[in-house]
Amino acid sequence: MIRGLEIMIGGEELSQRIDERIRSHEAAVSALDARIKQREGDQPFDIRAEDGFKTLGELEVERQRWRDRVTHLTLLRDNVAVKQRYLLGKSDLRLADLISSDVADESRAMSNEGDVLPTRAPIDGLKLTIDGEELHRLLEERIRSHERRAERWKREQARTPEEQTEDEPLLPDEVCACEAERHEWRAAVLGFIRDHTDSTQSYLLGEADLSFGELLPEKPGCVEQAEYQEPASVGLHLERLTDRLCRLVTVDFTRAERDTATAMIGSAAATNFATRSSG
């Protein structure tokens, strides 16, 4: 499962980047060799400004750290599978010397990481864990379903008047064409998602992800019909209520007052209807 910011990198590029860091460290070792040679004969506590006021012993310790780093990176580089792809987190990038070049900082960071116990962050809301292979399988099923429906609407559009029956009348061409295009578009969208997700990973999906990918089981026909009919039923009741309220406006009101009251009632009813429909 991908958590937080992680970098996907090919083995060949990873090996090249590590090799660049090795050459950089080897150059630092060579520079220290030259500086140490110039200071042959120094006393243990002698310092020089050009060496950052470091003693000869401190320069030798620094050189050894760079040498150890070269050995470590060489071991990493020689064991990278160039044909594989790697998913690297912050600690991996630091270990491979790809985000820091300061040995002292790296040593402190690496030692501190060992002292921290791994923690599991809480999951925000209700989310489902699904592995990449199952995700691809479900997407493939939805794609095939949309492709079949698009073909059915195209066949419907191609029907002739001689083929229509009382139970199966002809449908308008524009309706058939629109539905076929809509299913083809959804198949293309789901295909794009399938082609740009990794089957070797696991995914944490929320309600919006599940809906967008059409990953939940399809609704039964009776449920869809009930959801379609509910807003229409609410609208009919509101229309009747508005009519009854308008009748309650007394004839003693002026025309302007009756018009204002009727408009306010109609606006309130429309707002209520819109709220119920969007829910």
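Quick note: the coordinates plus some simple rules give every number you see, no bench work behind them. This structure is a prediction, so every number in the text was calculated from the model and none was measured. As a convention, Cβ positions derive from the backbone with ideal geometry for all residues, glycine included, and neighbour counts pool all protein chains shown.
The charge dipole of the stretch 128-212, taken about its Cα centre with unit charges on the Cβ atoms of Lys, Arg (+1), Asp and Glu (-1) only, comes to about 180 debye.
How would you rank Lys83, Lys54, Lys127, going from fewest to most other Cβ atoms within 10 Å of each one's own Cβ? Please list the in-between numbers first.
Working: Lys83 8, Lys54 17, Lys127 14.
Ordered by Cβ neighbours within 10 Å, fewest first: Lys83, Lys127, Lys54.
When only the Cβ of Lys, Arg, Asp and Glu is charged (+1, +1, -1, -1), the dipole of the stretch 7-115 relative to its Cα centre reaches about 280 debye.
Find which of Leu32, Phe53, Gln84 sits farthest along the positive direction of the dipole of the stretch 7-115, computed with +1 on the beta-carbon of Lys and Arg, -1 on that of Asp and Glu, about the Cα centre. Most positive-ward Cα: Gln84.
For Lys37, the lysines whose Cα falls under 30 Å of its own Cα, not counting residues fewer than eight places away in the same chain, are Lys54.
The label-point distance for Leu126 and Asp68, in a model that sets each label 7 Å from Cα toward Cβ, rounds to 5.3 nm.
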